[in-house]
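Values in this text are rule-based calculations from the coordinates and carry no lab data. Predicted, not measured: the structure shown is a model, and the values here were computed from it. Neighbour counts run over all protein chains shown; Cβ positions are idealised from the backbone, glycine included.
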Amino acid sequence: MESSTAIGFPPTTIAVFVGLAIIALAIDLLTHNKDKPVTLANASMWSIFWVMISMAFAGYLYAVHGPETASLFVTGYALEKVLSVDNLFVFMAIFAWFKIPDGLRHRVLYWGIIGAIVFRGIFVAIGTGLLAFGPWVEIIFAAIVAWTAVMMLRAGGDDDEDVDYSQHIAYRYGSKMFPAWPKLHGHDFFVKRSVLQEELKKPENKSMTLAEKGVWFSTPLFLCVVVVEISDILFAFDSVPAVIAVSKEPLIVYSAMMFAILGLRTMYFVLEALKRYLVHLEKSVIALLFFIAGKLALNATNHLFHHGYSIDPNTSLAVVMVVLALGIVASVLFPGDEVKAEENA
């Protein structure tokens, strides 16, 4: 039997994960690299493909490490996917505010995925390392997850498109790094001063001026990337503790998040088309966050007081799947006002 490494899994399993992740990442980042909108049919097919890739790794874990390990991975994967849905809705609002055309949104998501993979890895390493300090850390994680659920519940239905992202800390920081040009310039993140001086000669730009200093100027596309990246880092503060509640094994946590993230670029375009139909999905996200907070608290108090109650991996997987299904079914049975208006038209 192959010996385990410091993170609890043998080198072969780590090699399979790294190899599959690199291949999947290369495919994900090399597809849809043209400046044109991604169709719903195309995005749907790719989304199914990414789920199949993830389930292939789950199948490997099942064959080599048993059903419990595979169940932990699938639960973490499903939970990260569900939590990502709400994040993607926020990204839609960010794109709308910046007036990013459909054909350029994949370019922003491209860099968003890379940032998410890097920062999730850092947060997973820190989060799983903190658990070594004892069950009180799990109670803190439970409080973070529960607080996120409460904030989402209190916000209930607020329109993110009304947010002024020019006041966002990421926007202000990005504007200080580079002077900003207020208009898109193709798919460029930065434009040279010499190019913009020519742009100022056009009649439609005669009222615009350039900052006195600076050779390179950022476009709204760059500022949009900065806001998306910082927003994703903030999302990680609730999603990482939530997935850690499923498993404390760094490889399980990170692989579940990694494979969930890889399909987000195409999943975005599916959700953008279906957003008005999934009006009750956020309620599923809130319910799952409360469930995960309870699971963390139950596990922590069991370590402290030995009451003997815990939630096994299969039960966690069942709860995640059932709550997600209920959110989708409720959206079909009780559609939102926009869908009702279409039906009555």
How long are the three semi-axes of the equivalent ellipsoid of region 13-60, in whole Å, if each is the root of 5 times an eigenvalue of the C-alpha gyration tensor, listed from largest down? 24, 14, 4
Quick check: the distance between the Cα centres of region 48-75 and region 276-318, to the nearest angstrom? 21
Can you tell me the order of 292-301, 77-86 when each peptide is scored by its average per-residue count of other Cβ atoms within 10 angstrom, highest first? 77-86, 292-301
Cross-link partners of LYS295 among lysines (Cα-Cα below 20 Å; sequence separation of 8 or more within a chain): LYS81, LYS248, LYS283
Using alpha carbon centroids, what distance separates region 185-205 and region 164-182, in Å? 18
Restricting the calculation to Cα positions, tell me the Rg (one decimal) and the Dmax (whole number) of region 213-345 in Å. 19.6, 65
What's the magnitude of the charge dipole for region 194-345 around its Cα centre, counting Lys and Arg as +1 and Asp and Glu as -1 at the beta-carbon? Answer in Debye, nearest 20. 140
Just to be sure I follow the rule: in region 126-222, considering lysines 8 or more places apart or on different chains, how many pairs have Cα atoms under 20 Å apart? 12
For the chain, the Kirkwood Rh over every pair of distinct alpha carbons, in Å, works out to 21.8
Just subtract the alpha-carbon distance of LEU210 and ILE126 from 0.36 nm times their residue separation and send over the number in nm, one decimal. 26.0 nm
Per the helix-only calculation at 222 nm, which mean residue ellipticity applies to the chain, given -39500 (n - 2.57) for every DSSP H run of n ≥ 4 and division by its residues, nearest 500 deg cm²/dmol? -24500 deg cm²/dmol
Under a point-charge model restricted to the Cβ atoms of Lys and Arg (+1) and Asp and Glu (-1), what is the dipole moment magnitude of the chain relative to its Cα centre, in debye to the nearest 20? 840
Just rank MET152, MET208, MET257, fewest to most, by other beta-carbon atoms within 10 angstrom. MET208, MET152, MET257
Proxy exposure order for ARG107, ARG120, ARG276 (fewest C-beta within 10 Å first) is ARG276, ARG107, ARG120
Sort TRP181, TRP50, TRP147 so the one with the fewest other Cβ atoms within 10 Å of its own Cβ comes first. TRP147, TRP50, TRP181
